[in-house]
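The values are calculated or read from the model by the stated rules, or taken from the named source; none is laboratory data. None of these values were measured; they are calculated from a predicted model. Cβ placement follows ideal geometry from the backbone for every residue including glycine, while neighbour counts extend to all protein chains displayed.
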Amino acid sequence: MQRAFSSHIRDPEHIQYDITNVAGALPIEERRLKLYESLFFNNVYEIFTNQFPVLFSLLGEARWESLIREYMVKHRATTPLFHELGQEFLLFLQSEYEPQSSDPPFLFELAHYEWVEVALAVAPEIGFFNNPQFKPSLDTCYELSPVAWPLSYEWPVNQISVDFIPEVPTEVTTLLVYRDSEDKVQFITLSPSLYHLIVRLDEQEDLTFKELLMSLSESTGQSLDALMSFAEPVLDMFYAKGIIRPVS
């Protein structure tokens, strides 16, 4: 009976609430059934509209409604937590969603970018609270905060809006999103070099900051002197914002 009910709620246009072969099942009045249909759909619609406001504004209400309905019909979420439904929506976009010709090619990347803010805001990990008296050194090894995430996108997702809809990607967009000491989510636009430096720092905590710069210079062909010229200000900024801390 529950399966018949949930199947109808997911797709009321194509699946009838049929319990004729369910022993002891009682029918549901049509008026009440309609209330359940709208309640479930509107709840999911509101959650996703609030979490993906830019995507909603680009697609328009009609296409957005059809996308939410497609999600309800096709996807089986595994979490009971409302704030984790955004990740379920991303899984749907990756494997079950059928693109329409009018959908923007950056739909998934934009959805991921919008999801990140909520995901990091509720992430259970604790950030770093660094000693302001400590002076960071290039000869020290550092670790990346668990609430600091380097991100790379093909499309300029941080600029997309109803007033700016790119037709083709021009260059890779590299960002750092982190949760600050007041538990607010912040975004920093990174150069590709700085992005790769942060990724290396996260992967190779046994290297000093200077050694990371040398490794980056060797692999990319960039001048070590050019990299060193901004190393200390960047190191100071990352430490002050709690993005990194010395490895003890």
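Residue by residue, here is whether (1) closer than 22 Å to GLU154 by Cα; (2) not assigned by TED's automatic domain parsing to the domain that holds VAL44 holds:
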{"site": "LEU59", "(1), (2)": "yes, no"}
{"site": "MET72", "(1), (2)": "no, no"}
{"site": "LEU81", "(1), (2)": "no, no"}
{"site": "LEU93", "(1), (2)": "yes, no"}
{"site": "GLU96", "(1), (2)": "yes, no"}
{"site": "VAL116", "(1), (2)": "yes, yes"}
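If you check PHE41, PHE5 for being surrounded by 15 or more Cβ atoms within 10 Å (Cβ to Cβ) and under 28 Å from GLU117 (Cβ atoms), only one passes: PHE41. Restricting the search to helices (runs of 4 or more DSSP H) fully inside segment 40-139 and requiring at least 3 residues that are under 17 Å from the mean Cα position of the chain (by Cα) gives 53-59, 85-95, 107-121.
Look through segment 170-179, keep the residues that are closer than 18 Å to GLU114 by Cα and of a type outside the set (Ser, Thr, Tyr), and return whichever of them is surrounded by the fewest Cβ atoms within 10 Å (Cβ to Cβ). Residue satisfying both the conditions and the ranking: VAL172. Residues in segment 167-193 that are over 24 Å from PRO104 (Cβ atoms) and assigned to a loop (DSSP other than H, G, I, E, B): 6 in all. Go through segment 26-74 and give me each residue that's touching a residue at least 40 places away in the same chain (Cβ under 8 Å) and of a type in the set (Lys, Arg). Answer for segment 26-74, where residues must be touching a residue at least 40 places away in the same chain (Cβ under 8 Å) and of a type in the set (Lys, Arg): ARG63, ARG69.
Scanning segment 196-208 finds one or more residues that are in a loop (DSSP other than H, G, I, E, B) and more than 28 Å from the chain's Cα centre (by Cα).
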